[in-house]
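The values are calculated or read from the model by the stated rules, or taken from the named source; none is laboratory data. Small disclaimer: the values here were computed from a predicted structure and weren't measured. Here Cβ is always computed from backbone atoms with ideal geometry, including for glycine, and neighbour counts include all displayed protein chains.
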Amino acid sequence: MKILGREKVYLGRLIDVEKIHVRLADGKERHYEMVNHADAVTLLPIDDDGMIYFVEQFRVGNGGRKMLELPAGVIDPNEEPIDAAHRELREETGFASKTLTLLTEFFMIVGYGDEFMHGYLAQDLYPAALEPDDDENLTLKPIHVSEVYKMLFNKGFDDGKTIIILSLAIPHLIKRFPELHQVLKG
């Protein structure tokens, strides 16, 4: 595929939308719509007692209902993903982490968007709050690791990035929290 042209058709606070004119491998030409969104981070913060810190917030995309998610946020211009992860953790949970481990990186909605996600495991937490963003109305929800994975395997989460990060963290968490073996056996 070759991109022949791009036209911005919407400029928003959070996203932009482009109409992209392409030539496909078979020579046909067509237009696609692309949602441009800043790259972002998602964190799985877990303390020494096995409490995983989630945020609950209202989301427009699910009809305005509350959604239980791992903390996440956009990477500011000229900010490195690891620095954004440290900042977002402090803004959304009030904790900082001595140990951030990159679990994965992936495109959120590659069929029509360009947002790229960096997923981290945050351990060795300590209090270090930052002021949250003006537009965030979050409730912090700590849930024990055993209960979290019971929820995960019983369709207790609707947020894709949360499901992905929780799933990829299992090999890291099972070493520290052997009680997960029982949960994983079902």
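Structure data summary
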| quantity | calculated |
| --- | --- |
| Residue check, Phe54 at pLDDT below 95 and under 30 Å from Ile170 (Cα atoms) | no |
| Filter result for Tyr120 (buried (at least 16 other Cβ atoms within 10 Å of the Cβ), assigned to a helix (DSSP H, G or I) and either on the phi < 0 side of the Ramachandran plot or under 18 Å from the mean Cα position of the chain (by Cα) (or both)) | no |
| Meets criteria (aromatic (Phe, Trp, Tyr), in contact (Cβ under 8 Å) with a residue 40 or more places away in the chain and surrounded by fewer than 20 Cβ atoms within 10 Å (Cβ to Cβ)) for Tyr112 | yes |
| Residue that is farthest from His31 (Cα to Cα), among those in the stretch 92-133 that are charged (D, E, K, R) and at pLDDT 95 or above | Asp124 |
| Single match in Val55, Val41, Val9, Val35 (criterion: among the β-branched types (Val, Ile, Thr) and in contact with a Leu (Cβ under 6 Å, 6 or more places away or on another chain)) | Val55 |
| Residue list for the stretch 132-175, filter: surrounded by fewer than 17 Cβ atoms within 10 Å (Cβ to Cβ), assigned to a helix (DSSP H, G or I) and touching a residue at least 60 places away in the same chain (Cβ under 8 Å) | Ser146, Leu168, His172 |
| Qualifying residue in the stretch 59-77 (condition: in contact (Cβ under 8 Å) with a residue 60 or more places away in the chain and in contact with a His (Cβ under 7 Å, 6 or more places away or on another chain)) | no |
| Positions within the stretch 18-41 being within 27 Å of Pro77 (Cβ to Cβ) and small (Gly, Ala, Ser), in sequence order | Ala38, Ala40 |
| Strands (runs of 3 or more DSSP E) enclosed by the stretch 1-86 - at least 3 residues per element that are surrounded by 15 or more Cβ atoms within 10 Å (Cβ to Cβ) and more than 16 Å from the chain's Cα centre (by Cα) | 15-23, 29-37 |
